[in-house]
Amino acid sequence: MKWEQGELKAVGYKDGKAVAECMVRTPGSVEAMDITYFESGVPASADDLLIVYVHLKDRQGTDCFGENKREVKLEVLQGGELRGPAEVKAEAGVASFLVATTDSPVLVMKAVSGNIETKSELKLK
């Protein structure tokens, strides 16, 4: 079978009715980023230590999991500081950082990779 770029959709049925669906698609080139953090069931708070992820995305928001060498820089603008390198290479389309929050009620971060930039504002408990 020849490989092709495209999308795959799976639909789950119960009693003849669609009850669940999932779609995956081949990612395009990196055109956006999204900043998230590992929550582990507890919201981020002041004086906390967070694992922050910068996800590389294509135009449609699909994760670019094939990106393994793209440099991503994270800057904490307010409410915390980096604990480790400010610039890392993405692995499977994700760059990981460690951020310590302060007693500020808000954590503001900016990620940059090439000519792509995004900001995130996170309210802390």
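The values are calculated or read from the model by the stated rules, or taken from the named source; none is laboratory data. What you are looking at is a predicted structure, and each value in this text was computed from that prediction instead of being measured. Heads up, the Cβs are rebuilt from the backbone with ideal geometry, glycines too, and the neighbour counts pull from every protein chain shown.
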Checking the condition surrounded by 15 or more Cβ atoms within 10 Å (Cβ to Cβ) and either in contact with a strand residue (DSSP E or B) (Cβ under 8 Å, 6 or more places away or on another chain) or under 30 Å from Trp3 (Cβ atoms) (or both), which residue from Leu56, Leu98 passes? Leu56
Picking from Val24, Val42, Val19, Val11, which residue would you name as being exposed (fewer than 11 other Cβ atoms within 10 Å of the Cβ), among the hydrophobic types (A, V, I, L, M, F, W, C) and at pLDDT below 95? Val42
So, restricting to strands (runs of 3 or more DSSP E) that lie completely within region 76-125, which ones have at least 2 residues that are free of Cβ contacts under 8 Å to residues at least 40 places away in the same chain, over 21 Å from Ala44 (Cβ atoms) and not hydroxyl-bearing (Ser, Thr, Tyr)? 87-89
Given the criterion under 19 Å from Met33 (Cα atoms), at pLDDT below 95 and of a type in the set (Phe, Trp, Tyr), identify the matching residue among Phe65, Phe97. Phe65
Exclusive hit being over 30 Å from Glu7 (Cα atoms) and either crowded, with 20+ Cβ neighbours inside 10 Å or not aromatic (Phe, Trp, Tyr) (or both), set Gly79, Gly93: Gly79
For region 1-67, please list each of the strands (runs of 3 or more DSSP E) lying entirely inside it that holds at least 1 residues being among the acidic types (Asp, Glu). 7-14, 17-25, 32-37
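Out of Val112, Val72, report the one residue that is surrounded by 12 or more Cβ atoms within 10 Å (Cβ to Cβ) and under 16 Å from Thr36 (Cβ atoms).
Details: Val112 fails: under 16 Å from Thr36 (Cβ atoms).
Just a single option satisfies the conditions, and that option is Val72.
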Among the listed residues Thr26, Thr62, identify the single one that is touching a Lys or Arg at 6+ places or on another chain (Cβ under 9 Å) and more than 16 Å from Leu124 (Cβ to Cβ). Thr62
